Every structure is written in C-alpha cells, then in structure tokens.
Amino acid sequence: MSHKILIVDDELPNLRLLERLFRRDYNVISAASGMDAMRLLEQHDVALIITDQRMPGMSGIELLKRTASLRPHMVRIILTGFIDVGALVEAINCGQIYKYVTKPWNNDELRLTVERALQHYDTNRSRHELAHVNERLVSQMKAMTRSFVRSVADALEAKDEYIHGHSRRVGGYAVAIGRRMGLDEISLEQLRLAAFLHDVGKIGTPEQILLKPGSLTSEEHAVMRLHPRRGARMLTGIADMERVADAVLHHHEHFDGTGYPNLLRGDQIPILSRIILVADAYDALTSPRPFRAACAHIEAIEQLEKAAGSQFDPEVVRAFTGIEALQRIRMAVVEGPENMRLSPFWLASASSETTFGELIAEIETEPLIAASVLRAANNEADGPPTASLDVAFVRLGESRVREISALSSSSFERDAAGARLWEHSLRTAEAMRLLAEKAGIINPDEAYALGLLHDVGEALLFQLFPVKMSEIQVSSDSDRSEQELVEFGVDHAQIGQWVLESCGFPTKLAAAVQAHHDVARINSSVALMLHLANSIAHADNPYKVAAVEIIDNDQLYSLGLSRNDLFHIHTCIQSTIEQKLDPVL
C-alpha cells in the first residue's frame, strides 16, 4: 500500500505541479490553506506533509507545529523562498520539521528527499509499533506477576495469618531500608517482591511445625530450614524473577557465615537478602506470637545492634536504626487513641446537657472518640473482640461512655487537612456500611467503624510530622505510601492496623486496613471492600466510581457486586453524609 502524502499551498499552480510530481508513486491529497490541511489530517492517516511557508491565515511553520500532536509520526517538509530563520531553527530543533526545501526546487532532488523522508517515517512507525508491543507484553507480564503474588498471598494466609501480615510489614521495612541505602527503582521493586515472598517456601512446611507454640526440636528446625530453597524453586523460571528468587534463597544467610542454606558471608550474600534479614528480624521481634510476647521497639533495636557484624550487615542495621520516626510512631500507638491528642483533626463538643442518644450519634462521626470507646469496650468489659460501636456502647454503659468522650474532647478548630481527613473518614464509613449490606461479607456496624477509623494512621502521622505530611498528602495513595515508607519506615495503613489492634479490633478487620491500598496484592474480601469504600469516598462523581481502574471485574464479582452497585452507593452516601455533617457543622 502506497504512502499518503498531503500537499499544502495557497498557489494553485504549485499545488498542481506537486500533485503531478508524486501522484504516480503515492496517494496524494491536497489543501489550499492551513485550516483545510488540519481538517484533512483529522480524517486521513498521512505519512508525509509538504507545505509552503508563506500562506495567508496560517504559515507553514505554524501549521507543522500544530500537526505535531495530531499526527506525531508524520514527517514534515517545508517549501519556501522566504523564511524566518529563527523560527525555522526552533521548529527543526523541536523535531517539528524533518527538512526544508528552497524554491525553486529540483524535481529529482525533491523526489529523493521525499523517498528518504518516507523511509524515516517507516522506521519511526516500526519502532513505535515495536515499543507498543513491548509495553503490552510488559503489562501482561506484570499482570501475571500480580496474579501470582495474589495467589501466593491467598495460600500464605490460609496457612498462617501471621505470615501474611508479617510479609507485608517486612516488605515495607525493607523498601525503607533500601531507599536509605540508595538502591535504584528496579532494585527496590525486586526488593519489595522478594520481601513480600520471602516466606513463600513455608507453604510446604507442616502446620504442626509452623504453628507450634513452643520451641522446635532439632529435627523440626531442619525441616523449617528447607523453606528458603523451596521458596526459591517456586520463583525460579518466572520471567524477571531471577533476582527475587536469589534474594529469597539467601534471606537467612548471616553476615559472619553462620546462616543457611549456603553459609555465605559478607558481600557474598545478595544485598536484597541482607536487607530482608534485618527487616524480617525486626518484625519478628515486635510481633506477638503464641509462644512469646512482642518486644518494644527500643528493645528490638538494641537486639539488632547487638547482632550487627555477626548475624546482620552493620550497614543495613545502621540504615534501619536511622529511621528515628519509627520509634515515635511506635510509642504513640502504645499510648492509645485517648492519648494521641489528634485534636486538630478529631473534634468533640458534647456537654452534660447532651442526651445519650445525641452523644452516641456524635461519637459515630468522631473517629478518635470512637476508637477510644472501642478500646475501652474490648479491654475493660467481658466479651469477644468487637468493632461494633453499638456493642461497645452496651458493654460500657452511659456513664463510662460520657467519661471517655469528655477525656477525648477538644476545643481546637480543625484545620484544612483535618477537615479533609475527617470528612473522608465519614464518607468511607458510610460507603463501607452500604457495601457490607449489599455484599453480606461483614457486619454493617463493624464495617462502618472500620471505614471511620481506616485513616487513623494518617491522622497520627499528621500529629507527629505535620510539615512533612502536608508535603506528602498531595500525592496519590500509592505514591503517598512510598514517601511515607522513605520518611518514617512505615506507611499510614500499617500504623492504622497497629492502632486498631491496640483498640482490640478483630485481627482480620485490623489487617484489612494494612492491605486496602495495595489492590494488586489484596487477598482479603474485607480489605477489598475497604479499598472500594475508600475509592468511592474519594470520587467526585459516580461515573469515576464505576471506572475499570478502581478494581478489576474478577475482584468485584468475588464480592457479589457490580459496577452499577458502586455507582448507586456513591449517589446514596451524599445525602446521608450531608445529614450527618449538618448538625456538626
């Protein structure tokens, strides 16, 4: 098929001459003005445009500049006897003109110029198509990798809930260490995957060993030590996962050569493995297990520093212990929501004249007081862990609820960031309630509380690091999490899980907060629903809620929901939120 050429000239004799010169070899269309040429370009896939420079209304250079975005791969040639040299040089330097030809032209030379220009077009077009194919293949491979990781997450959680949450936390700590050590973006992504999958080999470890509440025997230790090799074998052969598999294989090697499986030492151990070992050890020390209590942050840091040079790479330990923000965060979580003093964000104004029903309605719009009430109900009263405010009110009674409310109240005005976070929490809570009623996966009362408190970790970061968080908050969820990991060693979703755990939330509900931003690796239906509720609350119109990008169809259908359901829920929450905000505002 011959190339299509567009010829533009306001002088009819020149136009006809050029048409005769090229129509035998090419498909030629013509225009007598710049505007006519623009209209033709909207209709035709043109390979080459040849235009005169001096035309009324729109010059040739102006026309070629306008066509750059409309037909980026089209080759552009300008014909002229009079030209603004400065404008021409600028256009050529910007890649908007392939060549200029002076009048009068030589037909043979012009034919040769056009032939070479079309060769240039074919080369660029082929390169672009190849790049597009490569992008599509890369996208498909990433989708396959995400699917694999999600499947592994399902298997890990089915085996041991602790392993799944542990893997996410290790991934966060590892990326924070890697960034502080100056790893490039590709290495950081490989580190993230390797850290998340470092215990994948434990899928094959017998549960009686994996979940044993006491010490392991020497035989059981030998079986447990098989998991790095098993995990590496599972990852070997997957495209672009070779370095990830290598990091998983060696994540229990010790810096002094006493680790396993290959007794590597020092720089023989891959840097990703050395980082994972430190992140893994810290999370193991600070997480409760059936056979021991969790260490405090300071105690865990002391143990890491004590083993630097023997078990751990000293440089990696220094990078991790340099994240001073992590200690402040851990201490604030231990103190509990009633001591967080997040008053610029969470406000209460109940008086002694407020009826108990009115007080309950207000607490249901105040995340900090709600968290304090649930913490007291789970720690002071009998009964299984609950996230239901209705249950908490019954357990505590009016007198205790009023006492908690008074202790948590503040007279400060919310600032802009606090108001944004507060209103978003209310929208997410209402969206969670409606999703739970539709899907039937979780109690709607507990779903509401989960939505109300899902951003309490972000509020805590705003309290501790207001300047840095003000800079970070303008980013998207994924970018914000990345920046939080760099600055604080942990993101707001993980902090939210810790706060909810300190409030006595059921484990699966607290874990959903940690996972809900990472849609590619969500394996919990509750976390998936929280991701949807958060997206619904952020969207400024229901059409954005129904967009494919928010969640893929398989995940949506797994909840028994349709895109029409999401559209409907978004439209419903607006009036409900306005009713709740009206008496408060």
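Sort out the exposed loop GluC sites (Glu not before Pro) in the chain (DSSP loop, at most 14 other Cβ within 10 Å) and tell me the longest stretch that has none.
Value returned for the longest uninterrupted segment is 12-323.
Could you please report the charge total around LEU41, scoring K, R as +1 and D, E as -1 over all other residues with beta-carbon less than 15 angstrom from its beta-carbon?
On the way: positive: LYS4, ARG39, LYS65, ARG66, ARG71, ARG76; negative: ASP36, GLU42, ASP45, GLU62.
Value of the local net charge: +2.
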**Report entry** Unsatisfied cross-links (Cα-Cα over 27 Å) in the set LYS4/LYS103; LYS4/LYS65; LYS468/LYS508; LYS438/LYS468; LYS65/LYS103; LYS202/LYS468
**Finding:** LYS468/LYS508; LYS438/LYS468; LYS202/LYS468
Query - Cα-based shape type of the range 160-323, given that a ≥ b ≥ c are square roots of the gyration tensor eigenvalues and the cut on a/c is 1.5 - result: rounded
**Report entry** Size of electric dipole in the chain: Cβ of Lys, Arg +1 and of Asp, Glu -1, about Cα centre, debye, nearest 20
**Finding:** 1760 debye
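Just so you know, all these numbers are worked out from the coordinates, no wet-lab data involved. Here the structure is a predicted model, which is why all the values come from computation and not from measurement. Here the Cβ is made from the backbone with ideal geometry for all residues, glycine too, and neighbour counts use every protein chain on show.
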